[in-house]
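Here's the structure we're looking at; comments come further down.
The values are calculated or read from the model by the stated rules, or taken from the named source; none is laboratory data. In this text, all values refer to a predicted model and were calculated from it rather than measured experimentally. Cβ placement follows ideal geometry from the backbone for every residue including glycine, while neighbour counts extend to all protein chains displayed. Each accessible area value is taken on the protein alone, full model and side chains, heavy atoms only, with ligands, DNA and RNA left out. Shrake-Rupley method; radii C 1.70, N 1.55, O 1.52, S 1.80 Å.
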Amino acid sequence: MSGSSRVLTITITGAAGQIGYALLPRLGELLFDVDTKIVLKLHDLDVCMPALKAVAMELEDCAFSWIDKIVVTSNLKEAFDGCQMAVLIGAKPRQKGMERAELLKQNGLIFKEQGAALNQYADKNIQVLVVGNPCNTNAYVCLNHARDIPSHRFYSMSMLDQNRAYSFLAKQYDLDIAMIENLCIWGNHSPTMYTDYERALYNGKPILEYIQDRQWLANDLQEKVANRGSEVIAARGASSSASAANAIIDSLIVLVDSEQGYGSFSMGVYSNGEYGAQPGTIVSYPCHYDSKGRLRVVPNISLDAATQKRIAHSFAEISNEAALCRDLDLIINDH
Ligand code: NAX
């Protein structure tokens, strides 16, 4: 490393894919300090090595001052050795006609292997963001095979859903998106997720003071957020990449810098049973940094019966996926 004092080692799996391509050039946005540089470890399957080498060439050709070194590998030991932050994107996509159980099984095997490798080779203070779907359950499998790494260091991404909700709301009511806060996602990254508009703020005041149309918020907004991924696939013939990469950057910024004075944000975190979820599963909640600088689920949110019911439905889906993983022998004992 030339003349700089710190390095942050970040591993990206599935780096040769669509999201990887949109994400990698933006990772410099994580550095708030010019003295820090990133060692980038790019992992993908053997068959993708030529494509991944090309991505590395392009990154070199960007002449980024924030890159210390790029490692291209299909070997998990090399990928995770000393890694301080991992973004697990690599996953098997759902094929036409594939049962959800089969999808869970194929991905569960990937995340089981990666959890064990993280446990063996990564820095024990690592933070792991799981993006590959089904991301909540993949994170659950992964942490269960990384028993020496604290479970609360595993996250799944719900920031894209949050960003979609911000955007739909701003567009529908012609709002300044920069003035919206605390619009968070509860539950699974799936159509059962719940967008919590009741606690959202606009210009520091409850958004419900500005928007009277509860029908739109309780129904249309929910559907729009839940269906946006499919809408992009239908239009583009591929799933969201640029917006997913952007949401990864937003999530990582929250994780690397606890001192930005955020309000609430959406993150799939290790549940201790908050608000009735199954303890040990990975659940998206409104999160914040508490007074001690710890990332926590926002406490004492009062939920009316209708909201509670919707959230419970999504929590139940996460529990069912966890049970399926146990049936498939992807989990031996919960943490
Ligand atoms: P691509 O198919 O373009 O790329 C996936 C990459 O993963 C490929 O290069 C593939 O070779 C690699 N891969 C597969 N198995 C692997 C393994 N065992 N180890 C390492 N690499 C492996 O998909 P892309 O569009 O990049 O999407 C990746 C994942 O993100 C998918 O599972 C997708 O469903 C998920 N998403 C999650 C989102 C979220 O909000 N949590 C939103 C975007 C996206 O849909």
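Brief remarks follow.
- Residue list for segment 90-124, restricted to those being aliphatic (A, V, I, L, M) and more than 11 Å from the ligand (Cβ to nearest atom): M98, A101, L104, A116, L118, A122
- Every pair of residues 6+ apart whose Cβ atoms lie under 9 Å, when the first sits in segment 237-251 and is charged (D, E, K, R) while the second is in a helix (DSSP H, G or I) and more than 8 Å from the ligand (Cβ to nearest atom): D250/Q162; D250/N163
- Residue count, segment 14-34 (criterion: in a helix (DSSP H, G or I) and open to solvent by less than 10 Å² (accessible area, probe 1.4 Å)): 5
- Taken over segment 154-207, the residue count meeting the criterion of being of a type in the set (A, V, I, L, M) and within 14 Å of the ligand (Cβ to nearest atom) is 6.
- Unique residue being among the aliphatic types (A, V, I, L, M) and over 30 Å from K105 (Cα atoms) when the list is I311, I301, I332: I301
- All positions within segment 43-86 that are touching a helix residue (DSSP H, G or I) at 6+ places or on another chain (Cβ under 6 Å), of a type outside the set (S, T, N, Q) and within 14 Å of the ligand (Cβ to nearest atom): H43, D44, V72, L76, K77, F80
- Test set (1) modelled with pLDDT of 95 or more; (2) closer than 16 Å to I331 by Cβ; (3) open to solvent by less than 10 Å² (accessible area, probe 1.4 Å) - E113 fails condition number: (3)
- Annotation note: of S291, S266, S240, S251, the sole residue that is out of contact with any Leu (no Cβ under 8 Å at 6 or more places or on another chain), within 16 Å of the ligand (Cβ to nearest atom) and among the small types (G, A, S) is S266.
- Among the residues examined, V39 qualifies as at pLDDT 95 or above, buried (at least 16 other Cβ atoms within 10 Å of the Cβ), more than 15 Å from the ligand (Cβ to nearest atom) and of a type in the set (V, I, T).
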